[in-house]
Ligand SMILES: Nc1ncnc2c1ncn2[C@@H]1O[C@H](COP(=O)(O)OP(=O)(O)OP(=O)(O)O)[C@@H](O)[C@H]1O
Ligand SMILES: [Mg+2]
């Protein structure tokens, strides 16, 4: 009991804290279209007052008719009252349409504005953030906020409207009898508490279910995607996957059913209470009319005001509860915007040297991925001279790609430092440093855009016509593109209609063109030729020697035919450099390199 009362107050605190998310949301809404916001609000405010106006005119009409039956003449301008009521009803119908119009415009603008802000912010975050599942959940939730919170914004407009209507009608009821008003409010409050309590339970349940929902998403993707189709068929995985899907989604379904059932019963009881409150007040007014204390007009006016006030107050509470509920979801969006990158440029950061004179120097560099224990790099020392072509080799998982992530500052070392021309990398502006480096990762992107765009993304500023073609020529992508039906304008990938898919090696040639277009001082290719056929690989490296003159190049490869061409070969093992030197030197040494080389060579003999 004690525990549940504490959690009760804790949940309320959390709910109230979530309301603090509303001001930042309002400022985003405002930014996305001030004119539309003002238009929508004005329409709502005027529309909010029309119920009272109509009730009041109807009362005047009924009183006049009652007087007429008791022998008094109809008051002057009686028919104008009828016309006025029609006028108000017409205007209010128009306003309802305008509200819908402004809501629709605002929804579009808000979605666009939030999506752009989320994308912009996401691009500034650390790579590490994306590899942290907790953060990734948050990002996923923040991303859907863009479209899912539209209802909440409309609800806030609606809340204002309901509030004004309820206040104006309540004032009328209050003027008649404060007791009636108190009765109405007392009947509505429990319903509000119930509503918001269940809304909150729904939210916490949703959060708890996120990891499962992510698994479901994954299963859905694997179960129906181009990448997985081949294995799915050949390993006959489909039944296994749909079985898993059913098992997991049943868990979620059962939890949801339990909550919905509780909500149903509690909601029924509370709704009955509110209805009883309304009819209590209504009966009192009828009684007063029957004993002659009220005119027909007043009966109609009060009954209308009580009904209107009661439904609007109820709606205020439920609208508010839904806003409070949704504002809990905003926590993800607001917190997402609060997370900043850890790896970032210092104020007053240096520009990267042009040209690089001294090269890169790893100085006792140690690195552990966040949340892991193992030092992938362990007090590693390595020099990369300007103009040198280095091949980095090592077995799977020895940290080759990791080393590239450190040079490019996707991560910072956890120990030691990396110097560029004698200055710690952390002193340089990240953007400027990254401009000097051109990297094609093992898992390079295949943009489902045109061939030209796929190359141009390597250097959007320099992507004028001739430059893209030249880069394609250097990487052998030219031959691939010539065979495409639409040449450079051919859409690649099969996601969109008219797209053409490429083979692994063809994609790789396109990615290489991207690297050449960049014209950076340091070129890093992580397994650049893994998918290339023997002839293409040979040609790529024939050219590679010419193309990289005057540049520093770091090549990562498991193919010794490629590796041999480097000025220096560096063997990475257990987070350190096991051997380094030229091919001949390392062969003469008879150590690890010689062993690996022999192993690979023997399979060709
Ligand atoms: N994001 C990550 N989070 C945690 N550990 C990681 C992450 N990326 C890589 N690792 C671990 O770091 C080690 C080195 O990985 P890395 O990708 O640098 O290897 P590699 O030498 O490039 O291997 P390969 O030849 O297979 O490409 C691996 O054991 C891997 O499990
Ligand atoms: Mg790798």
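The values are calculated or read from the model by the stated rules, or taken from the named source; none is laboratory data. Just so it is clear, the model here is predicted, and its values are computed rather than measured. Cβ atoms come from the backbone with ideal geometry, glycine included; neighbour counts cover every protein chain shown.
Residue by residue, here is whether (1) part of a strand (DSSP E or B); (2) within 13 Å of ligand 2 (Cβ to nearest atom); (3) within 37 Å of the chain's Cα centre (by Cα) holds:
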residue: 347; (1), (2), (3): no, no, yes
residue: 357; (1), (2), (3): no, no, no
residue: 363; (1), (2), (3): yes, no, no
residue: 366; (1), (2), (3): yes, no, yes
residue: 379; (1), (2), (3): yes, no, no
residue: 382; (1), (2), (3): yes, no, no
residue: 396; (1), (2), (3): no, yes, yes
residue: 411; (1), (2), (3): no, no, yes
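What are the residues in segment 544-558 that are surrounded by 19 or more Cβ atoms within 10 Å (Cβ to Cβ) and within 16 Å of ligand 1 (Cβ to nearest atom), if any?
If the condition is that a residue be surrounded by 19 or more Cβ atoms within 10 Å (Cβ to Cβ) and within 16 Å of ligand 1 (Cβ to nearest atom), then 554, 555, 556, 557 are the ones that fit.
Give the residue, chosen from 311, 402, that is in the same structural domain as residue 432 (by TED's automatic domain parsing) and either assigned to a helix (DSSP H, G or I) or surrounded by 18 or more Cβ atoms within 10 Å (Cβ to Cβ) (or both).
Exactly one residue qualifies, and that residue is 402.
Report, ordered by the first and then the second residue, all pairs with beta carbons closer than 8 Å, sequence separation of six or more or different chains, a first member in segment 222-247 that is farther than 24 Å from residue 495 by Cα, and a second member that is surrounded by 12 or more Cβ atoms within 10 Å (Cβ to Cβ).
244/219; 245/216; 245/219; 245/220; 245/223
Given the criteria buried (at least 20 other Cβ atoms within 10 Å of the Cβ) and in contact with a helix residue (DSSP H, G or I) (Cβ under 8 Å, 6 or more places away or on another chain), does residue 115 qualify?
Against the criterion (buried (at least 20 other Cβ atoms within 10 Å of the Cβ) and in contact with a helix residue (DSSP H, G or I) (Cβ under 8 Å, 6 or more places away or on another chain)), residue 115 does not qualify.
Just to be sure I understand, how many residues within segment 509-543 are free of Cβ contacts under 8 Å to residues at least 40 places away in the same chain and within 16 Å of ligand 1 (Cβ to nearest atom)?
Looking only at that region, the number is 2.
Would you mind finding the one in 467, 477 that is surrounded by 20 or more Cβ atoms within 10 Å (Cβ to Cβ), farther than 15 Å from residue 522 by Cβ and away from ligand 1 (no atom under 16 Å from the Cβ)?
Checking each option against the conditions leaves just 477.
Return yes when residue 458 is crowded, with 19+ Cβ neighbours inside 10 Å and in contact (Cβ under 8 Å) with a residue 40 or more places away in the chain and no when it is not.
yes
What are the residues in segment 544-581 that are more than 16 Å from ligand 2 (Cβ to nearest atom), closer than 29 Å to residue 354 by Cβ and not in a strand (DSSP E or B), if any?
Within segment 544-581, 544, 545, 546, 547, 548, 549, 550, 551, 565, 566, 567 qualify.
The rows are residues; the columns are (1) crowded, with 16+ Cβ neighbours inside 10 Å; (2) away from ligand 1 (no atom under 16 Å from the Cβ); (3) in contact (Cβ under 8 Å) with a residue 12 or more places away in the chain.
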{"residue": "370", "(1), (2), (3)": "no, no, yes"}
{"residue": "409", "(1), (2), (3)": "yes, no, yes"}
{"residue": "415", "(1), (2), (3)": "no, no, yes"}
{"residue": "422", "(1), (2), (3)": "no, yes, yes"}
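I want to confirm something. Restricting to segment 436-454 and keeping residues that are part of a helix (DSSP H, G or I) and over 27 Å from the mean Cα position of the chain (by Cα), which single residue is surrounded by the most Cβ atoms within 10 Å (Cβ to Cβ)?
451
For segment 518-543, give me each residue that is surrounded by fewer than 18 Cβ atoms within 10 Å (Cβ to Cβ) and more than 16 Å from ligand 2 (Cβ to nearest atom).
519, 533, 534, 535, 538, 539, 542, 543
With respect to residue 469, is the statement that it is part of a loop (DSSP other than H, G, I, E, B), more than 16 Å from residue 501 (Cβ to Cβ) and not assigned by TED's automatic domain parsing to the domain that holds residue 556 true?
No; evaluated as a whole, the condition is false for this residue.
Going by what's in this entry, would residue 227 be described as modelled with pLDDT under 80, assigned by TED's automatic domain parsing to the domain that holds residue 46 and more than 30 Å from residue 281 (Cβ to Cβ)?
It is true that residue 227 is modelled with pLDDT under 80, assigned by TED's automatic domain parsing to the domain that holds residue 46 and more than 30 Å from residue 281 (Cβ to Cβ).
Anything in segment 102-138 that is within 16 Å of ligand 1 (Cβ to nearest atom) and in a helix (DSSP H, G or I)? List them, or say none.
Across segment 102-138, the qualifying residues are 127, 128, 129, 130, 133, 134, 135, 136.
Check whether at least one residue in segment 486-494 is closer than 24 Å to residue 524 by Cβ, modelled with pLDDT under 90, assigned to a loop (DSSP other than H, G, I, E, B) and in contact with a strand residue (DSSP E or B) (Cβ under 9 Å, 6 or more places away or on another chain), and report yes or no.
The answer is no; no qualifying residue exists.
Does residue 322 satisfy being touching a residue at least 40 places away in the same chain (Cβ under 8 Å) and not assigned by TED's automatic domain parsing to the domain that holds residue 63?
Answer is no for this residue.
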